[in-house]
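Everything on this sheet refers to the single structure shown next.
The values are calculated or read from the model by the stated rules, or taken from the named source; none is laboratory data. This structure is a prediction, so every number in the text was calculated from the model and none was measured. Because the Cβ atoms are built from the backbone with ideal geometry, glycine has one as well, and the counts that use them run over all protein chains shown. Calculation scope for accessible area: heavy atoms of the full protein, side chains included, ligands and nucleic acids excluded. Shrake-Rupley method; radii C 1.70, N 1.55, O 1.52, S 1.80 Å.
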Amino acid sequence: MTIQEKVPLAPLTTLQVGGDARYFAELKREDELQEAVKFAKSRELPLFVLGGGSNLVIADSGWPGLVLKIAIGGITTPNANTNDAPGNAVLFSVGAGVNWDDFVAQAVVQNCAGVECLSGIPGSVGGTPVQNVGAYGQEVSDTIESVRALDLKQDRIVVLPKPACGFRYRSSIFNSTERGRYIILRVNYRLKRGGPPSLKYADLQNHFAALLVGKKLPSLAETRDAVREIRRSKGMLIVPGDDDCRSAGSFFKNPVLSDEQFKALATRASAQELVLPSYPALDAQHKVSAAWLVEHSGFSKGYVAGAAGISHKHALALINRGDAKASDIVELKEKIQHGVQEAWGILLDPEPVFVGF
Ligand SMILES: Cc1cc2nc3c(=O)[nH]c(=O)nc-3n(C[C@H](O)[C@H](O)[C@H](O)COP(=O)(O)OP(=O)(O)OC[C@H]3O[C@@H](n4cnc5c(N)ncnc54)[C@H](O)[C@@H]3O)c2cc1C
């Protein structure tokens with residue numbers, strides 16, 4: 001295990017802003033990780049765990065302690081059998097450092113359903129339980145069986161079964177009640193061999209309209225390709241050279257409102273002769289489109305605020321237009337939050353993790 005000093009963090013993130021890590025170590029094995037944690041404890045250094053860096057805003061001052069980049073690999077299928085009957089559950093045990101989309105690709109190649117709609121999401125496998133990653137009608141909590149983690153409080157490795165992870169919309173114990181306590185080492189997913197693709201979202205149903213009319217379902221591979229294509233059109237797929245994806249993905253969560261708040265919002269909208277967008281998947285929980293709120297508060301796609309801005313393809317993606325600092329991104333975030341609150345009385349909650357602020 002090598003511990004480096006003064007390592008720039010911006011290139012290790014998709015938003016590409018922020019300063020240096022005072023100390024930095026990349027860990028491929030669990031024992032190396034435990035050694036690095038000892039190093040930090042002995043020097044009383046604060047720890048930050050880095051995955052693929054796709055959900056982060058790193059402060060311009062960087063991180064004053066040790067950054068642990070998790071690079072634990074390996075995808076195994078302990079109970080898989082080539083004679084598996086369709087519909088059988090297949091358990092995938094995946095190292096936290098594996099690239100998420102590589103795992104999805106492998107699951108699809110093995111004809112296992114459950115994560116196909118999560119194709120194209122950047123970042124590491126270890127990052128997915130943290131905010132219960134979700135897209136196009138699937139969330140990782142639908143398929144996570146358990147999470148293997150180093151418990152820094154008890155100083156031992158534990159296996160947390162799904163109910164212990166406290167999954168909710170973009171939330172788990174890892175980013176709420178137990179933030180900073182666990183370092184995720186492996187995630188175990190239960191997928192379904194030969195299962196049908198999930199086509200809950202209108203975008204996907206429209207894409208496959210012709211097939212669906214004939215009562216045919218697309219394959220998992222076709223669903224994966226469609227999701228990646230739709231994501232690309234929205235700047236939500238990392239495509240080298242596309243400035244619109246120098247982002248941290250969606251910068252704000254869709255607000256979940258009470259009955260009362262929802263009615264008040266609908267009344268405000270109708271007073272302006274506007275109709276709130278309605279999606280069955282959102283309506284059930286009074287979840288309102290944050291993108292709609294942003295766009296109807298004076299911030300359109302392609303909005304420019306100095307070196308920061310909004311993607312030309314997605315109103316929720318704040319982008320680094322080239323040489324932005326973290327402070328530029330934070331300034332724009334605050335401007336948008338203020339604008340939405342003024343217009344609609346709703347405070348948008350940011351989705352990325354702010355590091356070193
Ligand atoms: C273009 C783009 C599109 C995106 N689309 C989506 C989307 O559709 N849906 C969605 O939910 N998200 C989306 N995201 C956000 C992001 O990709 C996910 O949240 C992803 O799971 C973050 O994983 P990561 O490995 O990059 O984590 P990082 O960004 O490195 O870290 C995020 C948080 O997780 C913690 N963490 C990471 N790894 C570990 C570990 N091994 N143990 C403990 N804690 C850890 C970090 O400490 C930090 O708090 C998108 C981002 C981008 C840039």
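Just need log10 I(q)/I(0) for region 59-187 at q = 0.19 Å⁻¹, Debye formula, equal scatterers on the alpha-carbon atoms, no solvent, rounded to two decimals.
-1.13
So, how do all the Cα-to-Cα distances of region 140-198 break down into 10 Å bins, in percent, from 0 on up?
All Cα pairs, binned at 10 Å, distribute as 22, 51, 20, 7, 0 percent.
Cut-off 10 angstrom, C-alpha nodes, Gaussian network model of the chain. Which of 322, 241, 137 fluctuates the most?
241
So how strong a dipole does region 99-209 carry about its Cα centre when Lys and Arg Cβ are +1 and Asp and Glu Cβ are -1, to the nearest 20 debye?
360 debye
Over the alpha-carbon set of region 255-357, divide Rg by the Kirkwood Rh and report the Rg/Rh ratio to two decimals.
1.00
Multiplying the sequence separation of residue 3 and residue 210 by 0.36 nm and subtracting their Cα-Cα distance, what value in nm do you get?
69.0 nm
Set Lys and Arg Cβ to +1 and Asp and Glu Cβ to -1, take the dipole of the chain about its Cα centre, and tell me which of 164, 42, 317 lies farthest positive.
Working it through, the farthest residue towards the positive pole turns out to be 164.
Semi-axes, largest first, in whole Å: what does sqrt of 5 times each Cα gyration tensor eigenvalue give for the chain?
Result for the chain: semi-axes of 32, 29, 18 Å.
Whole-Hz ³J(HN,Hα) for each residue in region 57-74, computed from phi via Karplus 6.51 cos²θ - 1.76 cosθ + 1.60 with θ = phi - 60°, x for glycine and proline: what do you get?
10, 8, 5, 4, 7, x, 10, x, x, 9, 9, 9, 8, 7, 10, 6, x, x
Determine the principal axes of the Cα atoms in region 293-337, then give the extent along each, sorted from largest to smallest and rounded to whole angstroms.
So the three principal-axis extents are 27, 20, 13 Å.
Considering only 199, 76, 119, whose Cα is most displaced toward the positive end of the charge dipole of the chain, charges sitting on Cβ of Lys, Arg (+1) and Asp, Glu (-1)?
Comparing the listed Cα positions along the dipole, 76 ranks first.
Report, to the nearest whole %, how much of the accessible area of the chain belongs to carbon and sulfur atoms, 1.4 Å probe, protein only.
Carbon and sulfur: 50 percent of the exposed surface of the chain.
Measure out, as a whole number of angstrom, how far apart the alpha-carbon centroids of region 52-121 and region 138-175 sit.
The distance from the Cα centre of region 52-121 to that of region 138-175 comes to 14 Å.
Which value, in debye to the nearest 20, describes the size of the charge dipole of region 106-158 about its Cα centre when Lys and Arg Cβ atoms bear +1, Asp and Glu Cβ atoms bear -1, and nothing else is charged?
180 debye
When ligands, DNA and RNA are left out and all protein chains stay put, how many square angstrom of accessible area per residue does region 208-357 have with a 1.4 Å probe?
51 Å²
Give me the distance in nm between label points sitting 7 Å out from Cα along the Cα-to-Cβ direction at residue 271 and residue 22, one decimal.
5.1 nm
Can you give the extra length, in nm with one decimal, that the chain gains between residue 222 and residue 159 once fully stretched, where that is 0.36 nm per residue apart less the Cα-Cα distance?
Stretched fully, the residue 222-residue 159 segment lengthens by 19.3 nm.
When the solvent-accessible surface of protein heavy atoms is calculated with a 1.4 angstrom probe, in what order do 155, 242 fall, highest first?
Output order, biggest surface exposure first: 155, 242.
Running a GNM on the chain with Cα contacts under 10 Å, which residue among 170, 268, 22 ends up with the highest mean-square fluctuation?
268
Quick one: work out Rg over Rh on the C-alpha atoms of region 138-236, Rh as Kirkwood radius.
Ratio value, two decimals: 1.11.
Would you work out which of 211, 267, 251 lies farthest towards the positive end of the dipole of the chain, given +1 charges on the beta-carbon of Lys and Arg and -1 on that of Asp and Glu, about the Cα centre?
Farthest towards the positive end: 211.
Within 10 Å, count the other beta carbons around each residue, average over each peptide in 52-59, 34-41, and list them highest first.
Ranked by mean Cβ neighbours within 10 Å, highest first: 52-59, 34-41.
What ³J(HN,Hα) values, in whole Hz, does the Karplus curve 6.51 cos²θ - 1.76 cosθ + 1.60 give for region 191-199 when θ = phi - 60°, with x put for Gly and Pro?
Along region 191-199, the couplings run 10, 10, 4, x, x, x, x, 8, 10 Hz.
Which cross-chain or sequence-distant (5 or more) residues have an amide H under 5 Å from the amide H of residue 145, H modelled 1.01 Å from N in plane?
188, 189, 190
Taking H as built 1.01 Å from N, whose amide H comes closer than 5 Å to the amide H of residue 299, not counting residues under 5 places away?
Placed amide hydrogens put nothing under 5 Å from residue 299.
Amide H of residue 49: which non-local residues (sequence gap of 5 or more, or other chain) have their own amide H closer than 5 Å, using H built in the peptide plane?
HN-HN under 5 Å from residue 49: 68.
For region 88-141, how big is the tail of P(r) above 19 Å, as a whole percent of Cα pairs?
16 percent
So what does residue 32 come to for accessible area, using a 1.4 Å probe and Å² rounded to 10?
For residue 32, solvent-accessible area is about 30 Å².
Using the Karplus equation 6.51 cos²θ - 1.76 cosθ + 1.60 (θ = phi - 60°), what ³J(HN,Hα) coupling, rounded to whole Hz, does each residue of region 288-302 give in order, writing x for Gly and Pro?
So the J values, rounded to whole Hz, are 9, 5, 5, 4, 4, 4, 4, 5, 9, 10, x, 10, 9, 4, x.
Label points 7 Å out from Cα along the Cβ direction at residue 256 and residue 45: separation in nm?
Each label point lies 7 Å from its Cα, and together they span 3.7 nm.
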